[in-house]
Structure formats: structure tokens, C-alpha cells
Amino acid sequence: MAEELRFFLRTAVYSVVIATVYWFASYAETGAYEWAGTVLLAFVVFSAGAFIFVTGIHVPAAWRSTIRGGVTGTLNRTFGMAEDPDIMARHPLEGGPDLLPTASPWPVLGGAAALLIGMGLVYGPWLLLPGIAVAIGAVIGWIGQETRRT
Amino acid sequence: MTTAQLDRERPMPRPGHAGPGGIVSVLTTTDHKVIGLLYICTAIGFFVLSGLLALLIRAELAAPGLQVVDRSTYNQLFTMHGTGMVFFFAAPVAIGLGNYFIPLQIGAPDVAFPRLNAFTYWLFAAGAFVAFSGFLTESGAAAFGWTGYAPLSEATYSPGAGANLWIVGLIMTGTSGILGAVNFFATVFSMRAPGMTMFRLPIFTWNMLVTSLLIMLTFPVLTAALAMLFIDRALGGGFFDPAQGGSAILWQHLFWFFGHPEVYILILPFFGIVTEIIPVFSRKPLFGYRAIVFATVLIGVLSFSVWAHHMFTTGVVSSLFFTVTSMAIAIPTGVKFFTWIATMWRGRIWLATPMLFTIGFLLMFLIGGITGPFLAAPPIDYATHDTYFVVAHMHYVMFGGSVFAAFAGFYFWIPKMTGRMLSEGWGKVHFWLMLIGMNATFFPMHQLGLDGMPRRIADYAPSTGWQPINLIVSVGSLFIAASVGVFIVNVVLSVLLRRGRVAGDDPWGGYSLEWATTSPPPHHNFTSLPPIRSERPVFDARQAAAEGSEALASSRAESEGLGG
């Protein structure tokens, strides 16, 4: 299994185990199940699982050659540090990027919009509304720049 | 050193339009190197600002009585000192170094999403400004500690705009961190040069990868908690108000579920920096590459299960569970320590300034790391919770760990970023002042804590007997301030006034790909890449060139002997 997947899989598996242990340990010691911590650990499991799903569908070859070499070999390829020689030979980004990014005003305008929105949440709509307007403009400009590039 | 022929399998990208110069160029840049420098310079600015707040704290505590500030202002000082150091210095300086060096170390021309990268910087800067702008409000800045505990942080006990600005500023900075972490993941997973497998990545890149995992999984928790607090304060919510069915303990769970991985976010990048420096300045390969990678991953994973050791004294958490997990996380940290020592063992140690700060890091972080398991034991924690013992532990790991390693990284990598070497003489003065100042400031705090001095108090009675140690601590803080001044002078003289020695491509004899390009690197980072067949591609290329030269010289000597 590719390290890109194992990286999240270790986190997900550990969090499942520790959430289960925590759920019962919290009751044993305090007499009440501790919901907040258990839900947060479940969030980690869910998030890591989502990353596995997203990474897995973009790197289908990453699932290959996991089950090999018996139980020990499979465990090593699933959670350990073994590296698949087929994956080692591939280039992660075939061909490389065509063009380096140009300068762009939209990130700094997005930051300015965030500043206005943030201050507006504290001080009122006279800052919030212009911030939203600048944010909409920045998003449109950003997408437009990307469209022109491609 | 010479680099090998360009790898023809992967064509280099064409440089894009350079754009206008000056301030417009900075505002519109998408170059990861410029963005990295912006992060680093802004972070150092907040380090100085938060340090000045600390000097005011120490000036107040040097003697009993309120001589410098009133209690309300004092509360703002320690709150914004902690906030500034944790959120606006330590993490951003690591992100800045990651921004600059991750693409270089993996052989990429830039990060995966350059405009998103630029946006994360401006969002961070805006968030930091919003949080600190609380000082300009009528009620002052947030004044409930960087941990923001409810109900003190609720509107009833902390009215005014300063607290709201703190909340909004941290939401913005947190969002910036999440987006940056996504960018780092996409960059490392999809833009590595040919031959750069995951287990040939430089350790700094590995550490930034684990840091990004922690950021992606824990910053949303903080963001949610801050949003809930804002709803409580501004919209009449009751998430943390028991009178409305909420729970103040819920805030602590949410905050520390973020807060403990946060301290690993603040130290793992710096572990990566020292792991880059130690092999180079020991003239040896890294001992146990996969062991240190696995230890780093294990630290990251284990950090999700230790949060409530900050809550032992609430009496509502499982002491046994969190004691076991907190002790367990010391094991992979120990593995890393032994790896560093084994790397240095029987090496030809070069005590240049980066290595001095690295050795300082090892010693100071060790002291902080030893007091950690003390605090993980509930009987000791019950006695020392919220005392200066905790402050001492925290500053030994944060200052002795992150700050020392950050300066090690600056002295190691500023030549690459600027093309100029920093003065070794000033660097050594900086190191010794900082080492003396740090120990004079934070070591006595262990005793203050054991004597019972609580943290976050503006004054203490003369009868407590705490004044002599507090005076030593305050004088020590002046040494730290002086050392930072020396560093700034060094940078100004060596870099800004161009008096430093020209660095060249590889002044230290480095191992990773950033040393295979010019200092500073061109816009597109590389004109050619050496073959990547190990985790030390530049070292391998240098060895190959030396062996080729030796073979050539040997064959020439033989042919002259035959022809003579």
C-alpha cells in the first residue's frame, strides 16, 4: 500500500481503538461516559477515513500489492514502513507542471475581505457588508484568472 | 560542487510572467519563497512584540506591589503574550520555513496551489492584526489567558470588543493553517521529483507532513469551539453556560483536544530542522531514518489521545487513561533523541552556530521533556497545576525547543534564502546570551512553582519570599532580550547591508536538494536536479563528482607514467 494511504490509515485505526478504550475507561473511572472526548476521537476517525477515500480514488494503484508475504508482510505493508518497488518507480506527477504561476492580486484581496468580514462580525454590518462584497469580487476574479490560464 | 545532468524524463517548467516590482510584487506574489519569507518576517515581528509584553510582565513581577501596570492590563499582557507566541510566532515561522523549503527539498518548482498559499499568508496576517487590535479598544485586549477558559471568557466576565476580536482573529488564523496544511499535503503527495519516494523525503519535510496532519484534524475543533464561544458572547448562546444547560468543562475538552496536538504542531517542525542539521554538522548520515520517521508519525498519532492531562484537577476525567497515554508519548520522543545522539556519535562535529543552537535545543528540550512526565502523573499535577512549575516546563519545551531550533534553522538556511552568511562571531554571542538568559529566566520558575506561586497573578505578598527568585527571573529575561537584539543586528549587518560573506550554493556541505541550487534559488527553483537515489541526493552527487575526479586524476597519472 502506498505511504500516502498508510499515513492516514494509521491515524484512523489508532483513533478507532483509542476511542473505544476511552469510552469504557471514562465510565470505569468517573462513573459516566465521557461524550465530548469520544465524539472528538470519532471525528478524527471520520476525517482520516475521508482522506483515505479521497486519496484512494485518485491513486488506485496505491491499493495494489498490499496483501503479500503472509500476515506479517501484509501488516508491514498496511501499517509499517515497507515501500512498494512498483510505486517507487513511478513519477508522482507525470510530465510536471507546464507553467509556473503568475502574480495574482486575488489572494491579497481575499485577505483584505477576510479582515473586513472579521472586523465586521465584531463591529457591525458597515464593515461586514463591504467585506462580503470584496470577498465575492475576489472569488470571481480568482476563478476568472484560473479560467483564462487553462 | 557540481550537479549532474538534468533529468530529461521531467522537463523543467517555463517561468511565468515576472510581474511589476516593489510593493506590488510582494502584494501579488505567488512564489512560495517570497511567501515563506513573508511568514518568517511577520512571525519574527510578533516574536519581538510578544517578547516585549513578556518584558513588561517580568518588570511587574520583579518586586512585590503593582509598579508598572494594573491588574487588568497585566491580564491582557499574559493573554496576548501567550497568544502571540503560540499562534503568531511559533506556528507561522514553521509554516514559513515549510513554505520556503518543502518544494525545494522535494525538487518541485512551487507548491501545489500557489495562490491559495498566498491567501493563507494574508489570512494569517489579517487574523493576527485583528487579535492584537484588541489593545486599541476601550476595554483592552483579551484578558483571560491564551487558553480562553469559560466562563471567564464569556461576555459576563469579559465584556468588550477585545475578546471578540481575539476570537475572530484566531478563527482567521486557524482557517489559514488548515488551508496551508492541505496545500502542503497536495505538494508532497503529488509534486515530488522523479526518484523522490516517500522514504527518501528529507526529515524536515516528513515532520511538516505530520504537522500538517495534526493541523488538518485539530484546527477545525478549535474553530468550532471559538465559533461556539462567539455565539455565546454575541448571540446569547449557552454552549458553555451551565445556567442555560451548557458546560464550562466542554470548552476545556474542545480546547485541549486542539491544544495538546497544537504543542506538537509547535515542536515537530523544529524536530525536523535539528534532524537536518545534526547529520550535516556531524559529517555522518542520519542514524535510523525509518525509525525517526516512524517515531514522528507515532508522536502525531498518539497526540490525539492525551488532551485531558491538562484537566486532571477538574476531577471529571479519567486519570489512568490519560496518564498512560501521556507517558506513552514520551517513548517515540525518546527514540528521536537517541537517534540524534547516535548520529552525532563518533562524528566529526563542526560547532558552527547552527550546531550550537541545535545542541542547546537538545539540552533544553531534554529538561522540559523530563518535567513533562512529572506533570503527567496526577499526584504531582494536583500539587503543581496552575503554578510556575507548569510555566517552567512549558517554556523549556517551547523556548528551549522551538525557539532554539528556530534559530538553528535561521543560521542554517538564511545563507540559502539570502545568499549571505550570517556572522559566526555575532552568532556565538547570540547563542551564549540566549542560553544563559533562558536558563536564568525559566529554571528558577521550577522552584517558584514548587514553592506554590500561582501563574497568571500580577502581584504577590512580600511575606511569600518569592521576590529574590522573581528578581533573578526578571534579570534573566533581559539577557534573552539582548540576545534577540544581537540576532537582529547580525541580520541587518550581514544580509540587509550585504556585509556577510557570499554563501555560494552549498556553504555547509548539505545533503538535501535545496543545496543543489543557487543561493537564493531562482524563481523556478532548479535549472537541473541531481539523480535522487537516497535521502541524501546532494551528498551522493558530491561523492560521485569527487570519485569521478579521483578516477580521472588517477588515469591521467597512469598514462603520464606510461608515456614518460
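Please list the equivalent ellipsoid semi-axes of chain B, computed as the square roots of five times the alpha-carbon gyration tensor eigenvalues, in descending order and whole angstrom.
Largest first, chain B gives 43, 26, 23 Å.
Which of the lysines could a cross-linker bridge to B:K33, judged by Cα under 28 Å and excluding same-chain residues fewer than eight apart?
Within the straight-line limit of under 28 Å, B:K33 reaches these lysines: B:K416, B:K428.
Chain B: longest stretch without exposed trypsin sites (Lys or Arg not before Pro) (DSSP loop, at most 10 other Cβ within 10 Å), sites themselves excluded?
Counting at most 10 other Cβ atoms within 10 Å as exposed, the longest clean stretch of chain B is B:9-345.
Given a 1.4 Å probe, how much area per residue of chain B is accessible, in Å²?
35
What span do the alpha-carbon atoms of region B:340-380 cover on each of the three principal axes, reported in whole Å from largest to smallest?
Principal-axis extents of region B:340-380 (Cα, largest first): 44, 20, 7 Å.
Assuming 1.002 mPa s and 20 °C, estimate D for region B:59-115 with Stokes-Einstein, Rh taken as the Kirkwood radius over Cα pairs, in µm²/s.
147
Taking only the alpha-carbon positions of region B:443-564 and ignoring solvent, what does the Debye formula give for the base-10 log of I(q)/I(0) at q = 0.11, 0.12, 0.16, 0.22 Å⁻¹?
For region B:443-564 at q = 0.11, 0.12, 0.16, 0.22 Å⁻¹, log10 I(q)/I(0) is -0.73, -0.77, -0.91, -1.21.
With a 1.4 Å probe and all protein chains kept in place, how much accessible area does B:M327 have, in Å² rounded to the nearest 10?
Probe radius 1.4 Å; accessible area of B:M327 about 80 Å².
Evaluate the relative contact order of chain B (contact order divided by residue number), counting alpha-carbon pairs under 8 angstrom at least 6 apart; express in whole percent.
Here the relative contact order equals 18 percent.
Roughly to the nearest percent, how much of the accessible area of the protein assembly as shown is carbon and sulfur, given a 1.4 Å probe?
70
For a Förster distance of 45 Å, can you work out the FRET efficiency between the beta-carbons of B:S528 and A:V21, rounded to the nearest 0.05?
0.30
Considering amide H positions built from the backbone, and no H for Pro or chain starts, which residues 5 or more places from B:R420, or on another chain, come under 5 Å of its amide H?
Excluding prolines and chain starts, which carry no amide H, the hits are B:A503.
Which value, in debye to the nearest 20, gives the size of the charge dipole of the protein assembly as shown about its Cα centre, when Lys and Arg are +1 and Asp and Glu are -1 at the Cβ?
Magnitude of the dipole: close to 1120 debye.
Rounded to the nearest 100 Å², what is the sum over both chains of accessible area buried where B meets A, with a probe of 1.4 Å?
In total, this chain pair buries about 5700 Å².
Between B:Y460 and residues 5 or more places away or on another chain, which pairs have amide H atoms under 5 Å apart, with H built 1.01 Å from N, and which residues are they?
Counting only residues 5 or more places away or on other chains, the set is B:G65.
Test of understanding: what is the full-extension gain from B:R290 to B:V48, defined as 0.36 nm times their sequence separation minus their Cα-Cα distance?
Full-extension gain reported as 83.4 nm.
Provide the gained length on full extension for the span B:Q447 to B:A482, in nm with one decimal, where the gain is 0.36 nm per separating residue minus the Cα-Cα distance.
Once the chain is fully extended between B:Q447 and B:A482, it gains 10.1 nm.
HN-Hα J couplings of region B:214-220 from phi, Karplus 6.51/-1.76/1.60, θ = phi - 60°, integer Hz, Gly and Pro as x?
For region B:214-220, the Karplus curve yields 4, 4, 5, 9, 10, 5, x Hz.
Heads up, I need the accessible area for A:T102: 1.4 angstrom probe, whole protein in place, Å², nearest 10.
40
Could you tell me which residue out of B:V301, B:I203, B:W350 lies farthest along the dipole of chain B toward its positive end? Charges go on the beta carbon: Lys and Arg +1, Asp and Glu -1, centred on the Cα centre.
B:W350
What translational D, rounded to a whole number of µm²/s, comes out for region B:251-345 from Stokes-Einstein when the hydrodynamic radius is the Kirkwood one over Cα pairs, at 4 °C and 1.567 mPa s?
Taking Rh from Cα pairs, D becomes 90 µm²/s.
So what does log10 I(q)/I(0) come out to for region B:61-212 at q = 0.08, 0.16 Å⁻¹, using the Debye formula with one equal point on every Cα and no solvent?
-0.32, -0.85
Taking the alpha-carbon set of the protein assembly as shown, what are its Rg and Dmax in Å?
25.8, 102
Mind checking the mean number of beta-carbon atoms from other chains within 10 Å of the Cβ atoms in B:185-194?
Mean partner shielding for this stretch: 4.
Which cross-chain or sequence-distant (5 or more) residues have an amide H under 5 Å from the amide H of B:G237, H modelled 1.01 Å from N in plane?
B:D232
Accessible area, 1.4 Å probe, largest first: how do B:T223, B:T156, B:T29, A:T147 sort?
B:T156, A:T147, B:T223, B:T29
Show which lysines lie in cross-link reach of B:K284 when reach means a straight Cα distance below 18 angstrom and same-chain residues fewer than eight apart are skipped.
Output for B:K284: B:K336.
Which order do the peptides B:369-379, B:171-181 take when ranked by the mean count of other beta-carbon atoms within 10 Å per residue, highest first?
Final packing ranking: B:171-181, B:369-379.
Starting from the Cα of B:S247, step 7 Å toward the Cβ, then list every residue of region B:296-324 with an amide N under 20 Å from that point.
Hits in region B:296-324 for B:S247 at 20 Å: B:304-323.
Multiply the residue gap between A:A32 and A:Q145 by 0.36 nm, knock off their C-alpha separation, and tell me the result in nm, one decimal place.
Extra length available between A:A32 and A:Q145 comes to 35.2 nm.
Hey, can you list the residues from region B:133-165 whose accessible area shrinks by 40 Å² or more with all protein chains present, relative to the chain by itself (probe 1.4 Å, no ligands or nucleic acids)?
B:L165
At 7 Å along the Cα-to-beta-carbon direction for both B:V324 and B:L66, put a label point, then send me their distance in nm to one decimal.
Distance between the two pseudo-spin positions: 4.8 nm.
Where Rh is the Kirkwood radius over the Cα pairs of region B:361-486, the temperature 20 °C and the viscosity 1.002 mPa s, what D in µm²/s does Stokes-Einstein return?
It diffuses with D of about 136 µm²/s by this estimate.
Please report, in debye to the nearest 20, how large the charge dipole of chain B is about its Cα centre when each Lys and Arg carries +1 at its beta carbon and each Asp and Glu carries -1 there.
The calculation lands at about 1020 debye.
When Lys and Arg each count +1 and Asp and Glu each count -1, what net charge do the other residues less than 15 Å away from B:Y74, Cβ to Cβ, add up to?
Around B:Y74, the charge tally is +1.
Determine which residues of region A:1-20 fall in the zone a paramagnetic label at A:F53 would reach in this model, i.e. backbone nitrogen under 16 Å from the point 7 Å along Cα→Cβ.
Under 16 Å, as judged by backbone N against the label point of A:F53, lie A:8-9, A:12-13 of region A:1-20.
The values are calculated or read from the model by the stated rules, or taken from the named source; none is laboratory data. This is a predicted model, so every value here is computed, not measured. When we count neighbours, we look across all protein chains shown, and the Cβ atoms used for this are built from the backbone with ideal geometry, even at glycine. Side chains are part of the model used for accessible areas, which takes the heavy atoms of the whole protein and leaves out ligands, DNA and RNA. Shrake-Rupley method; radii C 1.70, N 1.55, O 1.52, S 1.80 Å.
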